[in-house]
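Asker: Okay, handing you the structure first.
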Amino acid sequence: MRSLGDQVRDWHLGAQAVARGDWSSALRLFSGISEQPARIRFNVGCVHLLAGDPEAALRAFDQAVTKDPCMAVGFLQRGVANFQLERFQGALSDFQLALAQLRGNTVIDYTQLGLRFRLQAWEVLFNVASAQCQLGLWTQAADTLVEAISKWPERAQDGLDTALKQVQKQAALQPRQVPRGEVFRPPRRHLEHLQPVDFLGAAKVVVSAIPSDQHSGLQPQQGHQVEPSGKKTPAPTDGHTSPALFHRPPVSGGPGPSAYEDPLGAGGADAEGPESSVTVTVQCAFTVALKAPRGADLSHLRALLAQALPHQAQQGQFSYRAPNDAGPWTPLPGEEQLQSAWRDAALGPRGLQLQCRGAGGRPVLRQVVAQHDYLAQGPEDLDLRRGDVVDVLCEVDKAWLEGHLDGRIGIFPKCFVVADSACEEPPPGPGPQA
């Protein structure tokens, strides 16, 4: 039995074959999926329609609506297949079933299910009228179009008024259907899992144990030997050395601050004893712990971070989290907010916790959590998956936000997200329509 990943890959390749007009390859790939769900049978029916085989398409759509009796778009396409076979009574029945599955709604948006199509109620009424015309029910066809125009007058310019004039002249109508080449596609989150994942990743220099190391390369580990006097001197090497890089927690005490504890050296803040220094935990691409004088300003903290992560220190913006770890990240645009964070940090045992994030040098206003999946409608949109934490860069208008997620920047509907501090377990089911 083929794996689930292989079947998802065939589904994806089949959709690509449909897009380029390769009907035989699409049918072969879709047919190779075991226990085909309703969406795959719908895809097979659409391909048969495009290939000019309405009889095979009718059988596939029969199976699709049998597996999913609520698939309104399946009844619509089955009606189109019956129409092409000149079985107009069956076509009329299918279009009426599609209208019933709309359940009084104006539209069903199938985009979030992988089909880039919005089934409009007025289009279904248009198809009902087209079948009535073929059955010679001209008066009923005209009444159906009048009903559609009265309920959706803004759609009259889309062709309803012209269709009504044709019916009044007893000219037949051709039914509307799913656009050519559009089929159900697999969820993007499933496609992401098809690519091999390197769980170890590449090594990154966080902090070097060698004071003179400026992260431009690796220095060999320096051994030591003890002389009779008790002093340590560098041990001789035989040419076989190993690199020594450590990411270790900051330490206090000892004879004095090391390069790890005071990366600025003499040019940093005023020299103080170890007891006046606190741990500053900064989250960037990964978390790094720094040793900073209590009350250090933004420029001092940014210079400390630049010793290990120069890019993040230059491009990111600092945000602060309360000591209880339960609150949201609050941006620190100025010194006043930072000093307030220092006062809060004095109340907690974990020191000052900061986050340094940004997108192309743009500051992060706040963070939000996606409550529903959102599939991008255009190249400027940002795909969201339920549970994603998005950096908000700006508010486009009352309904849309611009954000940053996993290196991507785009806009997304505000109604699909909630503030990080108000995040709860997202409810199941489809999200709101953008």
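The values are calculated or read from the model by the stated rules, or taken from the named source; none is laboratory data. Nothing here was measured: the structure is a model prediction, and the numbers come from that model. Note that we place each Cβ from the backbone using ideal geometry, even for glycine, and neighbour counts take in every protein chain shown. Just the protein is used for accessible areas: all its heavy atoms, side chains included, with ligands, DNA and RNA removed. Shrake-Rupley method; radii C 1.70, N 1.55, O 1.52, S 1.80 Å.
Asker: Which value, in Å², gives the accessible area per residue of the stretch 13-163 when a 1.4 Å probe is used on the protein heavy atoms? Kindly include the intermediate steps, with their values, before the conclusion.
Answerer: Numbers: 6390 Å² over 151 residues.
Ligands and nucleic acids excluded, the result is 42 Å² per residue.
Asker: Using a 1.4 angstrom probe on heavy atoms only, work out the carbon and sulfur share of the accessible area of the stretch 34-105 in %.
Answerer: It is 46 percent, rounded to a whole number.
Asker: Please work out the FRET efficiency for the pair Gln140 and Arg180, using the Cβ-Cβ distance as r and a Förster radius of 22 Å; give the result to the nearest 0.05.
Answerer: With a Förster radius of 22 Å, E is 0.15.
Asker: While we're on this one: May I ask you to rank Lys414, Lys398, Lys291 by accessible area, largest first, using a 1.4 Å probe over the protein chains only?
Answerer: Most to least solvent-accessible, the answer reads Lys398, Lys414, Lys291.
Asker: Just how far, in whole angstrom, is the stretch 9-81 from the stretch 97-157 if you go by their alpha carbon centroids?
Answerer: The two parts, judged by their Cα centres, are 22 Å apart.
Asker: Can you tell me the FRET efficiency between His300 and Thr106 if r is taken as the Cβ-Cβ distance and R0 is 41 Å, rounded to the nearest 0.05?
Answerer: Computed FRET efficiency for His300 and Thr106: 0.10.
Asker: Please report the equivalent ellipsoid semi-axes of the stretch 37-93, computed as sqrt(5 x eigenvalue) of the Cα gyration tensor, largest first, in whole Å.
Answerer: Semi-axes, largest first: 16, 13, 7 Å.
Asker: Using a 1.4 angstrom probe on the protein heavy atoms only, line up Val418, Val364 by accessible area, largest first.
Answerer: Working: Val418 45, Val364 10 Å².
Ranked list, largest accessible area first: Val418, Val364.
Asker: Please report the accessible area of Thr66 (heavy atoms, 1.4 Å probe, ligands and nucleic acids excluded) in Å², nearest 10.
Answerer: Accessible area, nearest 10 Å²: 110 Å².
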